[in-house]
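The values are calculated or read from the model by the stated rules, or taken from the named source; none is laboratory data. Just so you know, these numbers come straight off a predicted model, no measurement behind them. Note that we place each Cβ from the backbone using ideal geometry, even for glycine, and neighbour counts take in every protein chain shown. Quick note on the areas: whole protein, heavy atoms, side chains included, nothing else; ligands and nucleic acids left out. Shrake-Rupley method; radii C 1.70, N 1.55, O 1.52, S 1.80 Å.
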Amino acid sequence: MTAADLVIIGAGPAGMAAARTAADAGLSVLLLDEQPRPGGQIYRDVERVAPVRGALLGEDYTAGLPLARGLDGDRITRVPGATVWSIENGTRVAWTAEGRVRQAAGRRLLLATGALERPMPLPGWTLHGVMTAGAGQILLKQSGIVSGNAVLVGAGPLLYLVAAQMARAGSPPRALVETQTPRDLSAAFRHGSGALRGWRLMLKGIGLLAELRRAGVPRHRAARSIAIEGTGRAEAVCFQSGGRRHRVTCDTVYLHHGVVPNTQASRAIGVEHRWNAGQHAFEPVTDADGRTSLRTVFAAGDGAGIGGAKAAELAGRVAALAIARDLGAIDDTALAAATRPLRHALARERAPRAFIDAAYPPFAEALLPADDTIICRCEEVTAGAIRGFARLGCLGPNQAKAFGRVGMGPCQGRSCGLTVSAILARENGRTPEETGYFRIRPPLKPVTLGELAALTAADENEIDRRR
Amino acid sequence: MKTVSPFRELDPAAQRVTIRWQGRDLVVPAGNLAAALLVAGIMPFRHTPVSAAPRGPFCMMGACFDCLVEIDGVNRQACMIEAAEGMAVAMPRVENRE
């Protein structure tokens, strides 16, 4: 078993920044990431891709280069392609990489597991050709492939960014089907100071919209009754907008209505979580340093609450410094001096968040889908089935598993968890906290029996050696 | 099974590898396997065990498991794998539960 002062799960902005800061403070760092190269989703594969497609993807993407390059150095051990499937006793981690199981024990653990796309269950969302906007962007970033016949559906800055990047790549989307309403925007302006402090973001948004106008991308506003049609694969997006019904043919659909913290690992460890009403999602409870309810476990970045890449980077550094203080690598004076400017920058970065969350709320039809809509993609359980469970007395998501296998497929609730909690809360007239979330158990990702057996054999060898 | 792909490569000169898909040779761009199969026009990647519905990549980040394919006898997420020369890839074998 490997030992390190700090084990970090996730090499996105929070994980990369934390690794560098912790190593600079003198800690030994083990950085585990599921991807073959660092960057997370926002800076996916940035070292390889930036020289090739940096101009097309823009500076929000190439900003990840210094972080990825900062991982070189003695005290940081990187394990790429590492699928973490078990975390025990707070800091003991098991993962599979290149078909072999490994384990490590850290004195501290930092979860930098990032965000997942908010599930957007609409009629037809399981058809081949329907993906998340994040997936479309990943295909463009990492693999340099773009769909020539796509419709983008939903709300949020990412939707405009992906559309603009597709236009720059020579394949502007067929249409933008936007769920945002004029009322959302006016509600957002009640967060006046946040809006003002987010003026840079606003300008960026205006710039993206101008790009889309020049590219001739039609925008359908305040869309309702959205459904994806097709036999076996996506063929058209149908919706209501501007007082009439539309049908836009396509072969690719990108869905997006925000991102939510990826809490699979933090749930599996058993740290406390809370409902964030403004962001319509659960997040681990953390203090200002990122410490969770378990003393040895920290969380930073979007996995601890959505704040974006810049905030994630800053939060990663703050957590790394607190960990360095915990382990005696720096003293209180050094901690205070190093942390103060980071906290100021973090506050600035987070200021416009409430405005953004209010301006681009999740699509109501996808938060509480119609009865016929599949919400559990793996087990093909519909929203109506969940409502039926509630009528039979089902109060929570874990009970719902027994009623109808919802959340028990290979994705372990990643695609349906929030929707199941939302439907049960509504049907039972209870809050999201009271309703709760799926209990997440190891393995976090599938592991073969062969891999497990090899681990046992390795452990026995180690025990024999110690004898 | 193989149709004209909706996806276009920005750099058609990118490196190629030959993999096996359902027992037949398929020349694809090196790199992410799910992306390689998409650009090759492969659809679907699998059928669900519940209703045999066709599925393909959805999240491209290892979360949804809709891009599951069988590689050397093991079901794996195509979006988390890099295509390698000679790799044998197939639709997962499904035993319908119904």
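A few points about this structure:
- In the range A:141-156, of all residues being more than 8 Å from every other protein chain (Cβ to nearest Cβ) and over 18 Å from the mean Cα position of the chain (by Cα), the one that is farthest from B:LEU10 (Cα to Cα) corresponds to A:VAL153.
- Selection within the range A:36-52 - over 17 Å from the mean Cα position of the chain (by Cα) and open to solvent by 30 Å² or more (accessible area, probe 1.4 Å): A:PRO36, A:ARG37, A:GLU47, A:ARG48, A:PRO51, A:VAL52
- Boolean, B:VAL28 is of a type in the set (Val, Ile, Thr) and part of a loop (DSSP other than H, G, I, E, B): no
- Taken together, B:GLU9, B:GLU70 contain a single residue that is open to solvent by 10 Å² or more (accessible area, probe 1.4 Å), more than 7 Å from chain A (Cβ to nearest Cβ) and at pLDDT 95 or above, which is B:GLU70.
- Looking at the range A:297-379, the helices (runs of 4 or more DSSP H) lying wholly inside it that each contain 2 or more residues that are among the charged types (D, E, K, R) and open to solvent by 10 Å² or more (accessible area, probe 1.4 Å) sit at A:309-326, A:332-350, A:353-359.
- Where B:GLN77 falls short, out of the listed (1) more than 8 Å from chain A (Cβ to nearest Cβ); (2) surrounded by fewer than 24 Cβ atoms within 10 Å (Cβ to Cβ): (2)
- In this structure, B:VAL94 does satisfy being more than 10 Å from chain A (Cβ to nearest Cβ) and either surrounded by fewer than 19 Cβ atoms within 10 Å (Cβ to Cβ) or touching a residue at least 24 places away in the same chain (Cβ under 8 Å) (or both).
- Qualifying residue in the range A:335-346 (condition: under 23 Å from A:GLY12 (Cα atoms), within 20 Å of the chain's Cα centre (by Cα) and in contact (Cβ under 8 Å) with a residue 12 or more places away in the chain): yes
- When A:TYR160 is tested against (1) over 25 Å from A:GLY308 (Cβ atoms); (2) crowded, with 23+ Cβ neighbours inside 10 Å; (3) more than 14 Å from chain B (Cβ to nearest Cβ); (4) not basic (Lys, Arg), just one condition goes unmet, and that condition is (1).
- Within the option set A:GLY70, A:GLY81, A:GLY64, A:GLY99, being open to solvent by less than 70 Å² (accessible area, probe 1.4 Å), over 30 Å from A:GLY207 (Cα atoms) and touching a residue at least 60 places away in the same chain (Cβ under 8 Å) holds for one residue only, A:GLY99.
Let's see how each residue does on (1) in a strand (DSSP E or B); (2) over 20 Å from A:GLU313 (Cβ atoms):
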position	(1), (2)
A:PRO36	no, yes
A:GLY39	no, no
A:GLY54	no, no
A:TYR61	no, no
A:ASP74	no, yes
A:ALA104	yes, yes
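- The range A:125-231 holds helices (runs of 4 or more DSSP H) entirely within its bounds, and those carrying 3 or more residues that are within 20 Å of A:LEU57 (Cα to Cα) map to A:133-143, A:157-168, A:199-214.
- A:VAL260 satisfies every condition listed in (1) outside any loop (DSSP other than H, G, I, E, B); (2) within 14 Å of chain B (Cβ to nearest Cβ); (3) free of Cβ contacts under 8 Å to residues at least 60 places away in the same chain except (3).
- The lone criterion from (1) open to solvent by less than 30 Å² (accessible area, probe 1.4 Å); (2) more than 9 Å from chain A (Cβ to nearest Cβ); (3) at positive phi left unmet by B:ALA83 is number (3).
- A:LEU392 meets each of the listed conditions (1) of a type in the set (A, V, I, L, M, F, W, C); (2) open to solvent by 10 Å² or more (accessible area, probe 1.4 Å); (3) touching a residue at least 12 places away in the same chain (Cβ under 8 Å) apart from (3).
- Evaluated against (1) at pLDDT 95 or above; (2) open to solvent by 20 Å² or more (accessible area, probe 1.4 Å); (3) of a type outside the set (Phe, Trp, Tyr), B:ALA14 falls short on exactly one condition, (1).
- Once the range A:382-419 is narrowed to residues that are within 14 Å of another protein chain (Cβ to nearest Cβ) and basic (Lys, Arg), the residue that is nearest to A:ASN262 (Cα to Cα) is A:ARG414.
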